[in-house]
Amino acid sequence: MALDPLFDFTGKVALVTGGSRGLGYQMVMALARRGADVVVASRKLDACEAVAAEVRALGRRALAVACHAGRWDEIDHLIATSYAEFGRVDILVNNAGMGPRMPSHEVTEALFDSVVNLNFKGPFRLASQVAKRMHDGSGGTIINISSTGSLMPLPGVVPYGSSKAALNAMSASLAEEYAPNVRVNTLSPGPFRTDIAKAWPGEGRDPLPIPRGHAAEPEDIVTAALFLASPASINVTGSLVRCDGGQH
């Protein structure tokens, strides 16, 4: 089947953190099905290897790397390993994140630091280092995965929403700093039926008071991510794209 040239990633290398499950997995497979070679990163190597095997079964190259995306030393190892294997990264998806729910007055310093490290500190390190390499090379595109929690009051997960708001600001600033040949955008999902939905009432299948009326399936993230990764969004940088069913 011939691919639309705007969505043909043949010869491109994509790096996706949190790529072994949920939205990250869907983005890995969508890119691979359209020709990209992929670096799959998450904390568990066996999970990354399983996804990498699926990518290879499509005829693409894949590299599995165990990485805690909130720790700079592990991020630096991820970057070095990826460039040693492929020589470049054309598409970076900063997807790893966490948002444990608890009353704000019960949040410990250790938990606060863990959330901010994974949602902002680590993505800053990865995006800034890869952006510099892209800028000095042939360019590229970076997609930072945020959340509607960064755009609306969300009690009970304040460190999560705040760190994702910092990620939004980071995207706009990096887009300015590494322009014009590096595009940096934020993709902001709303409620999706990933693994976390198991803890929701009705496991995420109950109606929601949003225009779409219900949570999205993980694969519903794909078209928004492909748009931002592809030449179809050549004039889009420093932007925040919502994929949230109209949630406010």
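The values are calculated or read from the model by the stated rules, or taken from the named source; none is laboratory data. These numbers were taken from a predicted model, which means no experiment stands behind them. So basically every Cβ, Gly included, is an ideal-geometry build from the backbone, and we count neighbours across all protein chains shown.
Each residue in region 89-128 was checked for being closer than 15 Å to Val16 by Cα, outside any helix (DSSP H, G or I) and either of a type in the set (S, T, N, Q) or more than 18 Å from the chain's Cα centre (by Cα) (or both), and 2 pass.
Reported count of residues in region 89-104, each being surrounded by 15 or more Cβ atoms within 10 Å (Cβ to Cβ) and not hydrophobic (A, V, I, L, M, F, W, C), is 5.
Residues in region 105-124: is at least one surrounded by 18 or more Cβ atoms within 10 Å (Cβ to Cβ) and touching a strand residue (DSSP E or B) at 6+ places or on another chain (Cβ under 7 Å)? Yes; the residues of region 105-124 include at least one that is surrounded by 18 or more Cβ atoms within 10 Å (Cβ to Cβ) and touching a strand residue (DSSP E or B) at 6+ places or on another chain (Cβ under 7 Å). Counting the residues of region 47-56 that are within 27 Å of Lys121 (Cβ to Cβ) and surrounded by fewer than 18 Cβ atoms within 10 Å (Cβ to Cβ) gives 2. Restricting attention to region 214-240, the residues that are outside any helix (DSSP H, G or I) and surrounded by 18 or more Cβ atoms within 10 Å (Cβ to Cβ) total 4.
Against the criterion of being within 15 Å of Thr17 (Cα to Cα) and touching a helix residue (DSSP H, G or I) at 6+ places or on another chain (Cβ under 7 Å), His68 qualifies.
Is one or more of the residues making up region 159-180 at pLDDT below 90 and over 19 Å from the mean Cα position of the chain (by Cα)? The answer is no; no qualifying residue exists. In this structure, does Ile196 turn out to be within 28 Å of Phe124 (Cβ to Cβ) and modelled with pLDDT of 90 or more? So Ile196 fails the test. For region 133-185, residues that are touching a His at 6+ places or on another chain (Cβ under 6 Å) and not in a loop (DSSP other than H, G, I, E, B) total 1. Inspect region 32-49 for any residue being assigned to a loop (DSSP other than H, G, I, E, B), modelled with pLDDT of 95 or more and closer than 24 Å to Ala169 by Cα and give the result as yes or no. No: zero hits.
Annotation: Gly22 fulfils all but one of (1) at pLDDT below 95; (2) over 18 Å from Ala69 (Cβ atoms); (3) crowded, with 16+ Cβ neighbours inside 10 Å; the unmet one is (2).
Among the residues of region 57-65, at least one is loosely packed, with under 14 Cβ neighbours inside 10 Å, part of a helix (DSSP H, G or I) and not aromatic (Phe, Trp, Tyr).
Within region 1-35, the set of residues being in contact with a Lys or Arg (Cβ under 9 Å, 6 or more places away or on another chain) and closer than 16 Å to Asp220 by Cα comprises Leu31, Arg33. Pro189 meets each of the listed conditions (1) surrounded by 22 or more Cβ atoms within 10 Å (Cβ to Cβ); (2) at pLDDT 90 or above; (3) out of contact with any Gly (no Cβ under 6 Å at 6 or more places or on another chain) apart from (2).
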